[in-house]
């Protein structure tokens, strides 16, 4: 007998007092060995910036394992609110390949969660890495996404940073997953 | 009834903010178990007083002091222990400490409106705060949000994540609030309304409200050797 779930509600526009925290966007300290910077923008159905979104990333370590013990220096979690231009950034390291429930390898990816005013439930997507063509081609989740939309899950190498924009609606709408 | 039928749809046009932000294309369904990996490990510590929103400043905040308690359970009824519960809210006048909040109601120098705590071994959480005020918003003419406290929880697995709002019993604004009414069934809306809790109420000091929270558990049944 399962208990009825508590329904979701929007994070609203005023989460700034409660959820963001200092250096939350630094999954690893800025400048740490092997660190990468991810930059992106959250956009609505008109292509306008979403200035009141909150993003969370959650990723396994370089061995593909999710941290489950408190007190480690890098937990694999980051949180960043968008600014007036809808922009966010994270500093992290590339995770290793984690295992799917059936034991198959998944390509390295970040789990990205989006909260915003106007989102009655949060959205879950993934950011994959452009320098992993082989692993991406074999990834069991990407295979479930229609080919024309897979690029919405792929970060773009922009020189110093990886670029990952999130389109909530529209022609380039990001692929989101049922939670 | 499936889990999804109890949740609000992403697009709920009466809540104007959903119109350009709700995804239009179908969400991609992954096989059971893909979101059963461990929930995020939250990197902030929780100190003894973080659960008491009335003791973060030299003076006491204005308003009706209340105690908000409850249990966090998974959908099998098991307590979720050691998970962080984050809350934030408006002050007694209905104003958030947020630069974007333009409601012409006073800020309270003794109230920031944010707190957090960890659930205990039985899944209990407890906050001391003041009752938040209702406030106007621009969704439609004469729109007012019912009094509410925002909650954010992680739970045990990735799919347990929940951000929601707790309401107060008997609030006449609930019936016209599109955010609450976006939940399709009355029973679901009722699960966001706390109840007055005379047993926890402290005489001569504070009224108490009780609100239990049920998070998604694993989608796939783990093999015996994984339990």
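Just so you know, all these numbers are worked out from the coordinates, no wet-lab data involved. Fair warning: this is a prediction, and the values are worked out from it, not measured in the lab. Heads up, the Cβs are rebuilt from the backbone with ideal geometry, glycines too, and the neighbour counts pull from every protein chain shown.
Structure above, values below:
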item: GNM top mover of B:34, B:151, B:196 - chain B, alpha-carbon springs below 10 Å; result: B:34
item: Residue order, fewest to most beta carbons within 10 Å, for A:58, B:211; result: B:211, A:58
item: Where labels lie 7 Å past Cα in the beta-carbon direction, separation of residue B:137 and residue A:151 in nm; result: 3.6 nm
item: Rounded FRET efficiency, nearest 0.05, which uses the C-beta distance separating residue B:19 from residue B:56 and R0 of 35 Å; result: 0.40
item: For segment A:1-119: rounded, prolate or oblate by the Cα gyration tensor [a/c cutoff 1.5]; result: oblate
item: Expected 222 nm ellipticity per residue - DSSP helices of 4 or more, -39500 (n - 2.57), all of chain B, to 500; result: -1000 deg cm²/dmol
item: Tensor-based shape of the protein assembly as shown (alpha-carbon gyration tensor, a/c under 1.5 rounded, otherwise prolate or oblate); result: prolate
item: Inter-probe distance in nm under a simple model that places probes 7 Å from Cα toward Cβ, at residue A:178 and residue B:64; result: 4.2 nm
item: Gaussian network model of chain B, Cα within-10 Å springs - most flexible of B:96, B:167, B:15; result: B:15
item: Proxy reagent accessibility, fewest Cβ within 10 Å first, across A:14, A:177, B:111; result: A:177, A:14, B:111
item: Residue B:204-residue B:122 FRET efficiency (beta carbon distance; Förster radius 25 Å; 0.05 resolution); result: 0.35
item: Theoretical FRET efficiency, 1/(1+(r/R0)^6), r = Cβ-Cβ of residue A:3 and residue A:138, R0 51 Å, to 0.05; result: 0.85
item: Distance between modelled label sites at residue B:195 and residue A:22, nm, 7 Å Cα→Cβ extension; result: 4.3 nm
item: Fluctuation leader among B:120, B:32, B:100 - chain B, Gaussian network, Cα springs under 10 angstrom; result: B:100
item: Exposure proxy ranking, count of Cβ atoms within 10 Å, fewest first, for B:48, B:64, B:86, B:7; result: B:48, B:64, B:7, B:86
item: Cα centroid separation - segment A:84-114 against segment B:29-103, whole Å; result: 25 Å
item: Average other protein chain Cβ within 10 Å of Cβ, residues B:158-169; result: 5
item: Gyration tensor verdict on chain B (Cα atoms; rounded if a/c is under 1.5, prolate if a/b is larger than b/c, oblate otherwise); result: oblate
item: Mean ellipticity per residue at 222 nm, deg cm²/dmol - from DSSP H runs of n ≥ 4 across chain A, formula -39500 (n - 2.57); result: -1000 deg cm²/dmol
